[in-house]
1. Which of GLU53, GLU121, GLU206 ends up with the largest GNM mean-square fluctuation for the chain, with Cα atoms connected below 10 Å?
2. Sticking to Cα atoms, compute the Rg of segment 21-119 to one decimal and its Dmax as the biggest Cα-Cα distance, whole number, in Å.
3. Rounded to a whole number, what % of the accessible area of segment 29-91 do carbon and sulfur atoms account for, probe 1.4 Å?
4. Rounded to the nearest 500, what is the chain's calculated 222 nm mean residue ellipticity when only DSSP H runs of at least 4 contribute -39500 (n - 2.57) each, over all residues?
5. Average the reciprocal distances over every distinct pair of alpha-carbons in the chain, invert the result, and give the Kirkwood radius in Å.
6. For the chain, what's the relative contact order in percent, using C-alpha pairs closer than 8 Å and at least 6 residues apart?
7. How many percent of DSSP beta bridges within the chain run antiparallel, rounded to 5?
8. Is the shape of segment 232-284 best called rounded, prolate or oblate, per the rule: a/c under 1.5 gives rounded, else a/b larger than b/c gives prolate, else oblate, with a ≥ b ≥ c the square roots of the Cα gyration tensor eigenvalues?
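The values are calculated or read from the model by the stated rules, or taken from the named source; none is laboratory data. Because the structure is predicted, anything quoted here is derived from the model rather than measured. Calculation scope for accessible area: heavy atoms of the full protein, side chains included, ligands and nucleic acids excluded. Shrake-Rupley method; radii C 1.70, N 1.55, O 1.52, S 1.80 Å.
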Amino acid sequence: MHTILSSATKTVRIGDDQPFAVIGERINPTGRKIFQLQLRSGDLSRVEIDVAEQVAGGAMLLDVNMGAPLADEAELMTRAVKLIQQLTDLPLVIDSSIVEVLDAGLAAYEGKALVNSVTAEDERLAAILPLVKKYGAAVIGLPNDEEEIPEEPERRLELTRRLIYTATEKYGIEISDIVIDPLAMPVGADTLHPTRTLETIALIREEFGVNMTLGASNVSFGMPDRHTISASFLPIAMSHGLTSAIMDARTPQIVKAVKAADLVLGRDDWGANWIAAFRAQQQE
């Protein structure tokens, strides 16, 4: 099953027979005080730097979040989407918890975007899925509801069923346009969290075969040497069915880990991508 995303001139396919889709996470003011201050003043110069660094690092898509406190997020999203489209042809992930901001970003976007995200809460499904349908976008679905972020993989699978049923049957969204986030939780909070995520990925893959993504940095949050944890976790998750991740595309250690996993999982015919990347690095 392929989830097809596009900019005005470039198409990216996400699937278990495709190279792992690296979604750059950096265009996000969370935890970045200077960037937050810049956004409040309407300054998008840092966005240009973040785009350049992530493209150079090997990002295949870029997540765009303008959620700075006290800023006009909808206006910033419109400006950022237009600016990024001038800087790169990579498809974009429009990231916000506010419906009006998603609407503004999708309206400014030329191509087929990925919406980040919708939960299995009835109110959120009713607010966001019509927007996804209106713009012909794809959407990331999170299997949590009004009551909980479930611990048990079986409960996450149950909420995934609800989410997929609602999107496909009630709103006419193609199942290939639904990308499930199996919920990655910090290993520092509970060392069994990653195992639960892996079990969830395997269950969803077996029942639905849909594409999946997650926030890779969530797994290592609060731990030292975070890049090594991400570089270890992602290849394991790929072997269970993960097909993309929102991750730090500027970190060679993590990007190389998923590229090597592509090779050993049979997603890089004759090692062409691996060899080409190696030769390019030698030339640099």
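1. With Cα springs under 10 Å in the chain, the top fluctuation among GLU53, GLU121, GLU206 is at GLU206.
2. Cα-based Rg and Dmax for segment 21-119 come out at 12.1, 33 Å.
3. Details: 1550 of 2860 Å².
Result for segment 29-91: 54 percent of the exposed heavy-atom area is carbon or sulfur.
4. Values: 11 runs with 133 residues, N = 284.
Mean residue ellipticity, 222 nm, calculated: -14500 deg cm²/dmol.
5. Working: mean 1/r = 0.0525 Å⁻¹.
Mean inverse Cα-Cα distance, inverted, gives 19.0 Å.
6. Working: 539 pairs, mean separation 56.4, N = 284.
Relative contact order here is 20 percent.
7. Numbers: 5 of 29 bridges.
Here the antiparallel bridges make up roughly 15 percent for the chain.
8. On the way: a/c = 2.68, a/b = 1.32, b/c = 2.03.
In terms of gyration-tensor shape, oblate.
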